[in-house]
Amino acid sequence: MNSADGKNHGGNEGAIVWREERGGGARTADFEAGGQRIAGWITRQWAACGAFECVALGYLAASSALIAVFAENLAHPVKLVSVQALVATMILALCLVEARVAERARGRSETFSAKFWRFWRHWYPHLFFLFCFEELGKFVHLVTPGWQDAKLMAADHWLTGVDPAVWLEQFATPARNDFMQFAYLTYFGYLLVLGGVLYYRRDWREYWSVMTYSATGYAVGYVIAILFPIESPWFSMAGAWRGPLEGGPITATINFIEHFGRVRGAAFPSEHVAGSVAALWGAWRHRRWLFWVMLPLVACMCVSTVWGRYHYVVDVFAGMATGTLGYVIGGWVMTTEGSLATEADKTSGAKYARKCKPEQGISTRPGVGSLDGRGGYPPIKQLTEDGGSRSGSARRYWRCAAARARSRHRP
């Protein structure tokens, strides 16, 4: 009897141990499966992002880190970090939703849902830029407690021998003020027009390249503005001129916008100039005809920032440098793997290429109409036997060849 009890007891112990081992293994397996699901979600989320999101989220991460380090200089640091986390979450969610909708619509006629999400996926960067600029008003004394305008005023005087904003007042008339304020307002149209042309033509790689140039230039400028706070001549030199700039309806419009949207600080470098120069470089690279249209307007806009007492001359030069730096760095970022994320982006040009047919009388020599040995497209003048570059058929053939090459070599 005792022996039997011992056997039963031993059997029960074995069963208990077996069940515990089985339960532990199940829990380990569940834990590993959960980790794989999380890793898979992160992978899918990151795969839905492109080069622009890398720059945008990188700026949010950098500014959040600065908030955490210098939290004692802010009234509501937790609130600011929470808002930035919310913006980052919204960006990731938008990218993921658009990617899923595009995946479901693949191979079928385009639905309203696919068009809707693609539109917002491509145009939300403009809202992001606006958010970051307005947010800078809360960061101006995050690192440096005082304004640094005296240094730029001295630099302007060293460069020009005068205080430029005060000196320009002698030329002010209502008509000239309206023209300069109009030139200042053109800033808001450069990226919209260039992006609109590329979006309409479905040149997705070029579109996201331009957005990445701008995002990089803005991000560099934002960080500089946080580290080196400048409030602008409008505030630092108030009272140095005879009176406000009088003008007509355009001046009244800009005064209305500035009344509700003016940010005190973030004047160095000029983000207006940085964004305009980045867009100008994008037009030079991707739509040369638009570059020549934009160039005189951008030049007038640069002058208007000083005329309107928004910036120092040094701000303008710094903005030019920042916009150019954004173009250089952004161009390099766009060469990295995964710079284009959406399915529409990756198949850019494929639909157009299928519609293209070689033009009659166009050279079909080896190498023409395809990528050359250096990864670029052949010049238009190589597309005809006689070397002519003005032929309309040659230009059409070049566009078709470029589209075919993009569709073949797109990752």
Fraction of alpha-carbon pairs over 16 Å apart in segment 53-112 - percent: 56
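Considering all projection directions equally, how large on average is the shadow of the alpha-carbon convex hull of segment 178-335, in square nanometres? Kindly include the intermediate steps, with their values, before the conclusion.
Numbers: hull surface 37.6 nm².
One quarter of the hull surface, i.e. the mean projection, equals 9.4 nm².
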Classified through the alpha carbon gyration tensor (a ≥ b ≥ c as square roots of its eigenvalues; rounded if a/c is under 1.5, else prolate when a/b is larger than b/c, else oblate), segment 112-202 comes out oblate
Kindly provide the Kirkwood hydrodynamic radius of segment 176-215 in Å, to one decimal, from all pairs of distinct alpha carbon atoms. 11.2
Taking the alpha-carbon centre of each part, the distance from segment 114-137 to segment 76-105 in Å is 11
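All of the numbers you see were taken from the coordinates with simple rules; none came from a lab. What you see is a predicted model, and the numbers here were worked out from it, not measured in a lab.
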